[in-house]
Amino acid sequence: MSTHHTKDFLFTYIFSTDHKMISKQFLITGFLMGFVGLIMSTLFRLQLGWPGESFEVVELLMGSWQEDGVMAPDKYLSLVTMHGTIMVFFLLTAGLSGTFSNLLIPLQIGARDMASGFMNMLSYWFFFISSVIMLCSLFVEGGAASAGWTIYPPLSALPQAIPGSGAGMTLWLIAMSIFIVSSLIGSLNYIVTVLNMRTKGMSMTRLPLTIWAFFLTAILGVLSFPVLLSAALLLTFDRSFGTSFFLSDIYIGGQVLDHTGGSPILFEHLFWFLGHPEVYIVLLPALGITSEVISTMTRKPIFGYRAMIGSMMAISFLSFIVWGHHMFLTGMNPFLGSVFTFTTLLIAIPSAVKVFNYLTTLWKGNIKFTPATLFSIGLVSTFITGGVTGLVLGNSALDINVHDTYFVIGHFHIVMGLSAIFGMFAGVYHWFPKLFGRMINNKLGSLHFWITIVSSYGVFFPMHFLGLAGVPRRYYTFSEFPMFENMVDINELISVFAIAAMIGQLVFFFNFVYSAFRGPKAPMNPWKSNTLEWTTPVEHFHGNWYGDIPTVHRWPYDYSKVDANGEFVYGEDFIPQTTPLGDNEKDGGEH
Amino acid sequence: MATIVSNNSHYKDELKRKNSKPLLWIALVSIVMFFGGMTSAVIVSQGGGSFIPIPMPIGFTISTYIIIVSSFVFHFGLIAIKKENYGLAKISVVLTLILGLSFVFTQYMGWVTLHDNGFYLTGKESTQESSFLYLITGLHIAHLIGGLISLIVVLVKTVKKRYNSDDSVGYQVSLTYWHFLGGLWVYLFFFLRYSIA
Amino acid sequence: MMTIIVVIAAILVVITASQLLKLAELRAKSKGELIYELTQEENKAQGAMLLLFFFVFMGFFAWQIFAWGDRLLPVSASEHGVATDFLMALTFWVITPVFILTNGLLFFFSYKYSYDPKRKALFFSHSNKLEMIWTIAPSLVLTVLILMGLSSWNQITTPIAEEAEHVLIELTGQQFNWTARYAGADKKLGRSHVTLIGGVNGTGVDTNDVNSKDDKLAKGEFHLPVGVPVQFVFRSLDVIHSAYFPHFRSQMNCVPGVVTQFNFVPTKTTKEMKALTNNEDFNYILLCNKICGAAHYNMQMDIIVESQQDYDNWLAEQKGI
């Protein structure tokens, strides 16, 4: 044993091909990146809340990016850009999907590991390298990318236009290309594992909704990320080699550039063809996790299992034909605008179905409020609150006046940012015993939830008012406009909540680290859940089950199933998927 | 026990046999989306109006024939392997490799022609169309290099008689990818022929 | 110094918290309890807090409407803006009740159905009738919103016919200012291209073109006649900008290499708006609403809407090319 100690360590913790270890690697890397993104948002909220005032913390953290504790305007844009990139891709795509797809797909479908453990490891390491490069880009000359996370050219293509479009942007593109490769390899693996590695009896209609969500997410990723890669490649050529795919007729810094014939609109098309499905790549796993948590914790079957799958499929499909709603104001053909309005508003229907199904699942349930339940309920709330304003933004005639204002910021942070991060927290709390073999502290968990939901609504809800007052996004300060003078106190309020939200996350990080090392040992099935992951031993080893993989006999949502006399069928309020069907019992939620 | 199960080589072979084809198919889907992105970029950017057509170099036409032939040749090898005729299989793989390299060569000749006729990849003189033409053909070659590497692996394994009538998954995966590259090129060729050239 | 104190304080907090947690665990263990299991009181309390949160949330919402309602944009100063404002109001009348009701149900159910070991949860897995209802109901509402939205969208995006009476203005954005060019008496704008930029000709107008002879340039502020349709065309010289006229409910991107257009009819003069908003300093404003560089936050231009008479006088004073 001890002679191979270093080797063991290396292959157990670093170059592991075990999906559970890779899942933990994704989780921790994702959270670290998320923490960086969080600090960035706090820093620029300081500037927005108290413009022009100097802060010691800004001075400490931002070095030469500020003058006397006040950040420079282009560095503000760098922070905004990096915050968006890190949160959307590194935390909520890789961190969320990478963690839970890896952990739950093999465990919940009954497989010993992913279809290809090696590719899985590769996926993580590409992600890791990409994260490192993205962080390095903060320290190059000219600063990090600062053209917004949507990196529209020509701003992102011309260092003359903004310093961040120099080396910072180059590293951004390299990091994102590696990230895309990581995401593609991961998604390939998830899809094949779900299709090919299910245990006996685990038909597609017996899959937990988590797996359906991860499966559809992976399909979205495989179809949309390559298009972003092609956009990034074309942009790289424009930036570095003098082609003109996106650039045309530009006069900057006192001279006319050589580029002719290109169109930035082309980039927007390519970008948003990924960009919109990306919203659902972020959101679907969170919805899947919530479905599972809500059903387990209300001790009720999820209402409308098939409708839930159907609506997720509808959302996935529609997400590919709505990208134009980000481009209503680019001078696109008005008829095309009408088509995109129509398809965009259609997404409201499957989303509404999901919300009502969640509500009905809670109705007459028997709810245990673990931190995971709280965050799931928080997710349903943010999904509603952020979702309804989509009806304003998706309608092209209304979009004109709120496009690129704080109304949009409020909308997508609530519906996509908060929902996804709430789903991720719900997942971490719920599967913490599976991840670390220990229980996470409940009281600190609910404290974390309460700080988070109160302060995050406090941050993003008032933004709708700012937007309706015409306040544009990505402004370094609003002091140049007399019409925005009366917004000062709103911005201050938002910033106070933002700082509170950040402090709330410290509670979580403390709880996470403490419980992972010193929390009480977890039992095998702490939540009395039906799904297969709780039939595996608490300690981790490669292969998941001693002996044979269990056979599945029923759908995963037989909670509180009663017989004709009104007694629980097997004397308990849950029936694991491995329990064979009784003589008169029907599967799939039928009595 | 289970730890042993997942480390044992039989289990690993089993996994490979079961999963390599589906993995490849889904990877192909994402490559299709990648080239779909590129070619639709061509369509979108031409919405604007007039452009100078580029004469399609003869090299590209020849390479189209070459890659179609190579697909058939490579496929005969599989039939040979099913009959465990390793001599024939070896010849077919070597021939495919040679055809693949000639494809690369004719593509290169195509670029030389383009360059000589004043169509450049980048720079002031280049147009969007000429850049797209170089870039798309180049990206196809980049994918083809992966195919050539897999051909070399297949060749080594054929020589070592690792395939037999029951187990030829490795060969089939490489073959599917090669067919895909052929099909992709034919699509790209006609697409470029009628949109740019 | 402050930073060091904060860091030390944070470390102390973490150590104390760890010790307290360990203590709590030991105590629970000695009593034979499981620390991670919620007691029934805790569970009830969480349910009640969720319901309380709903009321606080709604209170916060109401307070915002009450406290900030008058800070929103004043009534629309353009003709189509009245229609879109109506549609906006209608949409809010649809989504606000949905928002309150569904959030209310969510938090009320959480409170009502918190765990009780004596009760059994209802095994209720699907109902085709219910699912039909909540597929069809949103569809009907959406149909109305989509149809109304599309009809305004079509009106807004239709360019003004060339023979109709209108003012033609070209707005050119560049880092970080705007230039307005009026078509002048012939109602035609002269050709322009970036390669022609030089000296005073900051936007590259072709001075050899007959149509540019009577074109007029304005910087810093530009004027519009009230009640006359204004046809804008937009250009950009460097990166993407967006011309945002919040008071006129109008916005359009300015894309280098592409010409975009938008039109509206201003209906209220600046003076009228000053009286209406009770604000002597009120001014219509054009701002940039697409990230365009370091000084993006200060790329603006004033707009003065005035009577035809005043407008004509002002335009006559402006410089030609």
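The values are calculated or read from the model by the stated rules, or taken from the named source; none is laboratory data. Since the model is a prediction, treat every value here as computed from it, not as a measurement. Quick reminder, even Gly has a Cβ in these numbers, built from the backbone with ideal geometry, and neighbours come from all protein chains shown.
Annotations
- Scanning the range A:479-508 for residues that are buried (at least 19 other Cβ atoms within 10 Å of the Cβ) and free of Cβ contacts under 8 Å to residues at least 24 places away in the same chain yields A:F481, A:M483, A:F484, A:M487.
- Residue, nearest to C:Q318 (Cα to Cα), within the range C:170-207, restricted to residues that are basic (K, R) and in contact with a strand residue (DSSP E or B) (Cβ under 7 Å, 6 or more places away or on another chain): C:R181
- Identity of the residue in the range A:231-271, more than 19 Å from A:G166 (Cβ to Cβ) and of a type in the set (G, A, S), that ends up nearest to the other protein chains (Cβ to nearest Cβ): A:S248
- Single residue of A:L223, A:L274, A:L228, A:L284 found to be facing another protein chain (nearest Cβ under 7 Å), part of a helix (DSSP H, G or I) and either out of contact with any Cys (no Cβ under 8 Å at 6 or more places or on another chain) or surrounded by 22 or more Cβ atoms within 10 Å (Cβ to Cβ) (or both): A:L223
- Residue identified as of a type in the set (V, I, T) and within 10 Å of another protein chain (Cβ to nearest Cβ) among A:I421, A:I414, A:I440, A:I451: A:I440
For every residue, the table says whether it meets (1) among the small types (G, A, S); (2) surrounded by 17 or more Cβ atoms within 10 Å (Cβ to Cβ).
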site: B:T137; (1), (2): no, yes
site: B:V154; (1), (2): no, yes
site: B:K157; (1), (2): no, no
site: B:N164; (1), (2): no, no
site: B:Y171; (1), (2): no, yes
site: B:F180; (1), (2): no, yes
site: B:G183; (1), (2): yes, no
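- Residue within the range A:320-343 that is of a type in the set (G, A, S) and more than 20 Å from A:E268 (Cβ to Cβ) present: no
- Breaking point among (1) over 36 Å from the mean Cα position of the chain (by Cα); (2) part of a helix (DSSP H, G or I), for C:L34: (2)
- Extreme residue, nearest to B:S126 (Cα to Cα), among residues of the range B:169-197 that are at pLDDT below 90 and of a type in the set (G, A, S): B:A197
- Residue check for A:P576: buried (at least 16 other Cβ atoms within 10 Å of the Cβ) and in contact (Cβ under 8 Å) with a residue 40 or more places away in the chain: yes
- Unique residue being buried (at least 17 other Cβ atoms within 10 Å of the Cβ), under 16 Å from A:K300 (Cβ atoms) and in contact (Cβ under 8 Å) with a residue 60 or more places away in the chain when the list is A:P556, A:P550: A:P556
- Failed item, numbered, when A:V57 is tested on (1) within 14 Å of another protein chain (Cβ to nearest Cβ); (2) buried (at least 24 other Cβ atoms within 10 Å of the Cβ); (3) farther than 23 Å from A:T193 by Cα: (2)
- Residues within the range C:105-143 that are in contact with a Leu (Cβ under 7 Å, 6 or more places away or on another chain), of a type outside the set (F, W, Y) and either more than 8 Å from chain A (Cβ to nearest Cβ) or within 28 Å of A:D563 (Cα to Cα) (or both), tallied: 1
- Hits in the range A:312-349 (condition: closer than 21 Å to A:I211 by Cβ and surrounded by 22 or more Cβ atoms within 10 Å (Cβ to Cβ)): A:M312, A:I315, A:S319
- None of A:I302, A:I377 is assigned to a loop (DSSP other than H, G, I, E, B), of a type in the set (A, V, I, L, M) and under 18 Å from C:T102 (Cβ atoms) except A:I302.
- Residue match in the range A:28-46 (condition: surrounded by fewer than 19 Cβ atoms within 10 Å (Cβ to Cβ), modelled with pLDDT of 95 or more and more than 29 Å from A:L466 (Cα to Cα)): yes
- Any chance A:V538 is without any contact (Cβ under 8 Å) to a residue 40 or more places away in the chain, touching a strand residue (DSSP E or B) at 6+ places or on another chain (Cβ under 8 Å) and closer than 26 Å to A:R299 by Cα: no
- For the range A:390-411, filtering for residues that are more than 7 Å from every other protein chain (Cβ to nearest Cβ) and in contact (Cβ under 8 Å) with a residue 60 or more places away in the chain leaves 9.
- Restricting C:Y284, C:Y297 to residues that are at the interface with chain A (Cβ under 8 Å from one of its Cβ atoms) and touching a Ser or Thr at 6+ places or on another chain (Cβ under 8 Å) narrows the list to C:Y297.
- One residue stands out in the range A:441-470 among those that are of a type outside the set (S, T, N, Q) and farther than 22 Å from A:T382 by Cβ: the one that is surrounded by the most Cβ atoms within 10 Å (Cβ to Cβ), namely A:G470.
- When restricted to residues that are in contact with a helix residue (DSSP H, G or I) (Cβ under 6 Å, 6 or more places away or on another chain) and either more than 7 Å from chain A (Cβ to nearest Cβ) or at positive phi (or both), the range B:22-53 contains 5.
- Note on the range C:46-59: residues that are surrounded by 15 or more Cβ atoms within 10 Å (Cβ to Cβ) and within 9 Å of another protein chain (Cβ to nearest Cβ) amount to 7.
- Checking each residue in the range C:236-274 for being of a type in the set (D, E, K, R) and more than 9 Å from chain A (Cβ to nearest Cβ) picks out C:K268, C:K271, C:E272, C:K274.
- Scanning the range A:546-591 for residues that are modelled with pLDDT of 90 or more and among the aromatic types (F, W, Y) yields A:W555, A:Y557, A:Y559, A:F574.
- Residue check for C:K290: closer than 23 Å to A:S165 by Cα and touching a strand residue (DSSP E or B) at 6+ places or on another chain (Cβ under 7 Å): yes
- Test for C:H247: is it on the phi < 0 side of the Ramachandran plot, crowded, with 20+ Cβ neighbours inside 10 Å, part of a helix (DSSP H, G or I) and touching a strand residue (DSSP E or B) at 6+ places or on another chain (Cβ under 9 Å): yes
- Some residue of the range C:60-73 being at pLDDT 90 or above, surrounded by 13 or more Cβ atoms within 10 Å (Cβ to Cβ) and closer than 30 Å to A:F510 by Cβ: yes
- Some residue of the range A:509-520 being assigned to a loop (DSSP other than H, G, I, E, B) and closer than 27 Å to A:H19 by Cα: yes
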